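Each remark here refers to the structure printed beneath this line.
The numbers here are math on the coordinates, done by the rules we state, and not lab data. Since the structure is predicted, the reported quantities are computational estimates derived from the model, not experimental observations. Ideal geometry is used to build each Cβ from the backbone, glycine not excepted, and the neighbour counts take in all protein chains shown.
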Amino acid sequence: MSSDTRNSKGSQVGLIALVVGIVGIVIALFGFKQGWDTGEVRPIMSWLIALGFWLSIAVGMLFLVQIWYVFHARWPTIIRRQCEHFMAAFPYLLVLFLPLLAIPFLHENPGLLWKWMDGHNELPGHGTVAEDPLYAWKSPFLNIPFFAIRGIGIFVVFIGVATLLRKWSFDTDTTGNINNMHKARRLSSLGLFLTAIAMTLGSIDWFKSLEYHWFSTMYGVWFFAACMRAALASIIILTVILACKGYLKGILKQAHRYDIACMMLAFTVFWAYISFSQYFLIYSANIPEETFWYNIREKNFDGGLNSWWWVSMGLIFGHFLTPFLLLLWYKTKVVIWRTVGVSIWILAFHLLDLYWNIIPGKLVAPDHGAGYLIRQFSVSIYDLAALVGIGGICIFAMCRSMKKAEPIPVRDPNILTSINYTE
């Protein structure tokens with residue numbers, strides 16, 4: 001396929017993605033505005049879930065690119081370029097994060113989404129946030145100015161590292177300068193730590209602090225595992241589509257898909273290990289400040305099972321056991337439709353995992369049982385709109401990036417090894 005033909009197709013897909021993305025974002029922002037006006041947080045959570053989903057894919061790809069550089073991996077060179085294109089979404093994701101960041105500064109209730117941001121917010125059986133001794137201990141970290149600084153700083157890290165890696169990689173296509181690879185490897189050695197710190201802070205600030213009473217030292221590792229699984233599954237789908245459309249035809253080999261699928265299996269086990277370890281340690285310690293987080297994801301205040309119990313079972317059997325068993329088979333890793341099917345399955349349950357981590361919470365209800373109700377599992381049109389809208393913008397960013405560089409790093413010193421890679 002010629003360069004002009006590739007650019008033409010990429011422009012068409014990018015334009016469609018942009019239009020679909022704008023429509024989805026408009027609908028999602030309508031729900032966001034409803035939540036803003038009525039004080040109902042659920043439509044705003046739709047935005048947070050969708051942003052977390054697409055950001056996790058981009059962060060996972062950023063990790064993979066740096067890991068491949070640090071370990072001087074030759075086989076994924078052609079795949080690395082596709083990750084570099086997707087990482088162009090980071091600046092757009094920063095802009096899409098701003099509506100959430102506006103809440104504590106512009107809304108009459110700064111704690112509409114993150115309740116600790118308003119000291120007047122009531123807590124079930126605890127008075128208000130301002131009267132809460134646990135918040136008093138955490139307030140040096142959990143305060144609005146520091147939260148905003150961290151939020152912007154997190155994206156600065158993601159955008160800064162991704163921009164430099166993309167710049168050096170694309171420059172190698174035209175100049176053939178081998179020093180670009182050395183610079184990328186040196187940056188990745190430091191960038192892995194910076195990305196890990198930024199990712200951990202982001203997961204704690206945006207997801208974990210929704211129920212700020214909860215303690216967990218493993219939450220950042222859980223999100224790392226989730227990001228890696230989402231990125232690997234997305235890479236399978238993306239590269240197969242590009243191969244079918246001619247961009248990677250004859251270049252993407254079975255061996256590439258096999259190794260990515262092996263990595264999906266490894267991180268499926270790692271995700272399960274981290275998730276179970278977190279649950280087991282909290283269950284064993286039996287400390288109320290920790291156990292309540294799991295309790296509200298299993299039972300209502302009266303002891304009856306709630307909707308989240310079924311979601312929990314879905315994560316155990318759907319997000320771990322099913323892909324784990326399927327990926328043990330060699331054919332699942334090499335037969336295209338099977339590998340793509342498992343990848344779609346993993347992304348669907350990754351989204352469910354974000355629902356499970358973000359939505360449940362105690363709602364103050366003095367007339368009910370223990371003084372609270374639990375926000376139950378639900379799917380709304382605003383969830384779909386935000387997911388499609390933000391996803392459309394990410395795909396537009398990727399297509400726009402694809403017009404700036406070759407489909408593969410043609411002058412990378414490892415390109416022939418990658419093209420001729422076999423199992």
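Among 27-39, 77-89, how do they line up by average Cβ neighbours within 10 Å per residue, starting with the highest? Before the final figure, lay out the partial values.
Details: 27-39: 16.8, 77-89: 24.9.
Final packing ranking: 77-89, 27-39.
What distance in nm lies between label points placed 7 Å from Cα along the C-beta direction at C262 and R411?
Placing both labels 7 Å along Cα→Cβ, they lie 3.2 nm apart.
If you take the Cα Rg of region 215-310 and divide it by 2.2 N^0.38 Å, with N the number of residues, what do you get? Before the final figure, lay out the partial values.
Values: Rg = 19.2 Å, N = 96, 2.2 N^0.38 = 12.5 Å.
After normalising by residue count via 2.2 N^0.38 Å, the value is 1.54.
Find how much the distance from L190 to S11 grows on full extension, using 0.36 nm per residue of separation minus their present alpha carbon separation; answer in nm with one decimal.
Working: separation 179, 0.36 × 179 = 64.44 nm, distance 3.50 nm.
This chain segment gains 60.9 nm when fully extended.
Spelling out what I want: for every residue of region 258-270, take phi, set θ = phi - 60°, compute 6.51 cos²θ - 1.76 cosθ + 1.60 (Karplus), and round to whole Hz; glycine and proline get x.
Those phi angles translate into 4, 5, 5, 5, 4, 5, 4, 4, 4, 7, 5, 5, 5 Hz.
Computed over the Cα atoms, what is the radius of gyration of region 101-188 divided by 2.2 N^0.38 Å, N being its residue count?
Details: Rg = 21.3 Å, N = 88, 2.2 N^0.38 = 12.1 Å.
Expressed relative to 2.2 N^0.38 Å, the Cα Rg reads 1.77.
Among V20, S169, F158, whose Cα projects farthest towards the positive end of the dipole of the chain, with charges put on the beta-carbon of Lys, Arg (+1) and Asp, Glu (-1)?
S169
Most fluctuating residue of W309, W137, W114 in a GNM of the chain with Cα springs under 10 Å: which is it?
W137
Based on DSSP H runs of at least 4 residues, each adding -39500 (n - 2.57), what is the mean residue ellipticity at 222 nm of the chain after dividing by all its residues, to the nearest 500 deg cm²/dmol?
Values: 16 runs with 294 residues, N = 423.
Helix contribution divided over all residues of the chain: -23500 deg cm²/dmol.
How big, on average over all directions, is the shadow cast by the Cα convex hull of region 252-378, in nm²? Provide the component values of the computation, followed by the final result.
On the way: hull surface 35.2 nm².
Directional mean of the projected Cα hull area for region 252-378 stands at 8.8 nm².
Using a 7 Å offset from the Cα along the Cα-to-Cβ direction at both L101 and L321, what is the distance between the two label points in nm, to one decimal?
4.3 nm
Take the eigenvalues of the Cα gyration tensor for the chain, scale each by 5, and report the square roots as semi-axes in whole Å, largest first. Let's see the in-between values first.
Numbers: eigenvalues 299, 107, 82 Å².
Rounded to whole Å, the semi-axes are 39, 23, 20.
Show me the ranking of peptides 95-103, 195-203 by mean Cβ neighbours inside 10 Å, starting with the highest.
Numbers: 95-103: 16.2, 195-203: 20.4.
Result, highest mean first: 195-203, 95-103.
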